[in-house]
Amino acid sequence: MPNQWEEHMQQAIELAASNPGEVPVGALILDSDSKVISTGSNQTNSDSDPTAHAEIVAIREASKKLSTWRLDNCTLVVTLEPCVMCSGAIKTARIPRVVFGAWDERVGGSGSRYDILRDSRLGPEVEVISGVLEDECSELLSEYFQNLRD
């Protein structure tokens, strides 16, 4: 039986896969009723913006739609563990829950290399749900980087 997050993670995977030329990461922000408020995919290359990670793009869009920077009733669903920069933005936006698929052992900021989201010195701890459709999320990234090497 699928868990409650798999349908949303599948949406994030589809979003990530539909953005050629970018590292395939997709993100959704859900309201308290689990309805999608905003989406984001990496746009660092297309926008020439090192901060245009999927999570940041989704946070910006949700903040505009809700007319507030405080996303304290929202959940972020993302295909890859948020990096240090994105983890800081998540904490700043007061997002209380993050659901992610694949771990990022290189620069992860949500439990693998660093654990910014659960560091109480940086504000309230964020609930982290990891490994949702992990194999599918990891495969998407593996294929992308393999194609770069070929």
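If you check Ala52, Ala62, Ala58, which single one turns out to be open to solvent by less than 20 Å² (accessible area, probe 1.4 Å) and either modelled with pLDDT under 95 or in a loop (DSSP other than H, G, I, E, B) (or both)?
Just one listed residue meets the conditions, Ala52.
Per-residue answers, yes or no, for (1) of a type in the set (Lys, Arg); (2) part of a helix (DSSP H, G or I); (3) touching a residue at least 24 places away in the same chain (Cβ under 8 Å):
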| position | (1), (2), (3) |
| --- | --- |
| Asp104 | no, no, yes |
| Arg118 | yes, no, no |
| Arg121 | yes, yes, no |
| Val128 | no, no, yes |
| Val132 | no, no, yes |
| Cys137 | no, yes, yes |
| Tyr144 | no, yes, yes |
| Asn147 | no, yes, no |
Next on the checklist: Can you list residue pairs whose Cβ atoms sit under 9 Å apart, with the first residue in the range 47-69 being among the hydroxyl-bearing types (Ser, Thr, Tyr) and the second being at pLDDT 95 or above and assigned to a loop (DSSP other than H, G, I, E, B)? Count only pairs 6 or more apart in sequence or on different chains.
Outcome noted: Ser63/Trp69; Ser63/Arg70; Ser63/Leu71; Ser63/Ala93
Checklist entry - Across the range 112-136, what is the number of residues that are small (Gly, Ala, Ser) and touching a Lys or Arg at 6+ places or on another chain (Cβ under 7 Å)? => result 1
Checklist entry - Among Glu81, Glu134, Glu125, which is the only one that is open to solvent by 50 Å² or more (accessible area, probe 1.4 Å), of a type in the set (Asp, Glu) and under 20 Å from Ala16 (Cβ atoms)? => result Glu134
Checklist outcome for this item: Restricted to the range 20-36 and to residues being in contact with a helix residue (DSSP H, G or I) (Cβ under 8 Å, 6 or more places away or on another chain) and either open to solvent by 20 Å² or more (accessible area, probe 1.4 Å) or charged (D, E, K, R) (or both), the residue farthest from Asp72 (Cα to Cα) is Gly21
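The values are calculated or read from the model by the stated rules, or taken from the named source; none is laboratory data. All of these numbers come straight from a predicted model, not from anything done at the bench. Here Cβ is always computed from backbone atoms with ideal geometry, including for glycine, and neighbour counts include all displayed protein chains. To get the accessible areas, we keep the full protein, side chains included, count just its heavy atoms, and leave off ligands, DNA and RNA. Shrake-Rupley method; radii C 1.70, N 1.55, O 1.52, S 1.80 Å.
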